[in-house]
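Trainee: Supplied in structure tokens, the structure appears directly below.
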Amino acid sequence: YEYGQTPEFGGSTDKAATAQYTYAFTGWDPEVSQVTGDAAYTAQYSSTVNVYTVTWNVDGTASISRVAYGEMPAYGGTPEKAQDHMYTYTFAGWSPERSAVSGPATYVAVFDAEPRSYNVTLVTNGGTVGSGAVTTYTYGTGVQLPSDVIRDGYAFAGWYASASLTGSEVNSISESEFGDRTYYAAWVADSGGDTPPASTGDNDLGRYVGLVLRALLVIFAVFGVGYLIYRFR
């Protein structure tokens with residue numbers, strides 16, 4: 001440039017971004033002025049910390065957060081996974097393990113699975129479980145139903161899923177089953193015969209009422225006949 005002219009830069013003042021910063025040209029140092037001799041100017045830039053997208057994948061559902069370079073990403077809350085008929089789930093961490101942000105990242109929630117337990121109710125119909133009583137079972141393991149079941153005057157005839165003691169006899173709960181279970185004991189009188197009905201309070205009351213009615217009928221019959229004989233003598 002000739003003396004007195006104002007120099008102009010004819011190239012690009014762009015500066016390539018890094019993983020950490022994006023740059024914007026702000027001017028020259030020193031400020032450009034008319035030529036009075038040899039001069040050198042240095043481009044000046046402002047820098048902005050880059051912000052990246054972090055994706056959180058929890059049980060197939062994705063959410064995102066925006067995190068600045070160098071910061072540690074944090075998920076808002078505790079990841080949860082709903083239980084199913086097989087397992088309950090507890091959050092165990094992220095894959096991969098969280099680290100300071102240096103670019104876009106995706107984290108997947110990892111859960112520990114615990115097999116679910118279910119209740120077992122044994123209706124003994126007047127009997128008693130001697131050993132091997134079962135109150136719960138665990139999915140994936142199953143359980144054997146007790147065979148040591150006793151009742152005075154009767155022989156144990158197995159467990160049934162129906163209160164009417166119909167269907168197939170049940171000896172165990174398989175490892176693939178789930179849900180609460182209720183089983184009913186069947187009995188056969190020692191002298192043989194059909195399986196007696198369940199021993200319940202309602203049945204006992206019915207038998208008592210029947211006995212009273214039969215007794216009243218006998219009394220009426222005896223005294224009624226006596227009264228008629230007396231009338232016609």
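Trainee: Checking Ser191 against (1) surrounded by 10 or more Cβ atoms within 10 Å (Cβ to Cβ); (2) more than 22 Å from Pro115 (Cβ to Cβ); (3) at pLDDT below 95, only one condition comes out false. Which one?
Mentor: For Ser191, the exception is condition (1).
Trainee: Here is a follow-up. Looking for something surrounded by 12 or more Cβ atoms within 10 Å (Cβ to Cβ) and closer than 30 Å to Thr13 by Cα - is there at least one such residue anywhere in the stretch 76-83?
Mentor: No; the residues of the stretch 76-83 include none that is surrounded by 12 or more Cβ atoms within 10 Å (Cβ to Cβ) and closer than 30 Å to Thr13 by Cα.
Trainee: Taking the stretch 1-36, which residues are within 30 Å of Thr53 (Cβ to Cβ) and aromatic (Phe, Trp, Tyr)?
Mentor: Tyr21, Tyr23, Phe25
Trainee: A further question on this structure: Every residue in the stretch 80-103 that is more than 13 Å from the chain's Cα centre (by Cα) and either at pLDDT below 95 or assigned to a loop (DSSP other than H, G, I, E, B) (or both), please.
Mentor: Selection gives Pro96, Glu97, Arg98, Ser99, Ala100, Val101, Ser102, Gly103.
Trainee: Another question, then. Could you grab me the full set of residues in the stretch 123-180 that are polar (S, T, N, Q) and part of a strand (DSSP E or B)?
Mentor: Listed by number, the residues that qualify are Thr128, Ser131, Thr136, Thr138, Gln144, Ser172.
For every residue, the table says whether it meets (1) assigned by TED's automatic domain parsing to the domain that holds Thr88; (2) at pLDDT below 95; (3) under 34 Å from the mean Cα position of the chain (by Cα).
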| position | (1), (2), (3) |
| --- | --- |
| Leu122 | no, no, yes |
| Gly130 | no, yes, no |
| Gly140 | no, no, yes |
| Val143 | no, no, yes |
| Ser147 | no, no, yes |
| Asp152 | no, no, no |
| Ala155 | no, no, no |
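Trainee: While we're here: Return the pairs, sorted by first residue and then second, in which the second residue is in a strand (DSSP E or B) and exposed (fewer than 13 other Cβ atoms within 10 Å of the Cβ), the first residue lies in the stretch 163-184 and is of a type in the set (D, E, K, R), the beta carbons are less than 7 Å apart, and the residues are 6+ apart or on different chains.
Mentor: Asp180/Asn119
Trainee: Search the stretch 41-69 for residues being outside any strand (DSSP E or B) and among the aromatic types (Phe, Trp, Tyr), and hand back the single one that is surrounded by the most Cβ atoms within 10 Å (Cβ to Cβ).
Mentor: Tyr69
The values are calculated or read from the model by the stated rules, or taken from the named source; none is laboratory data. All figures in this text were calculated on a predicted structure; none of them were measured in a lab. All Cβ positions, glycine included, derive from the backbone under ideal geometry; neighbour counts span all protein chains shown.
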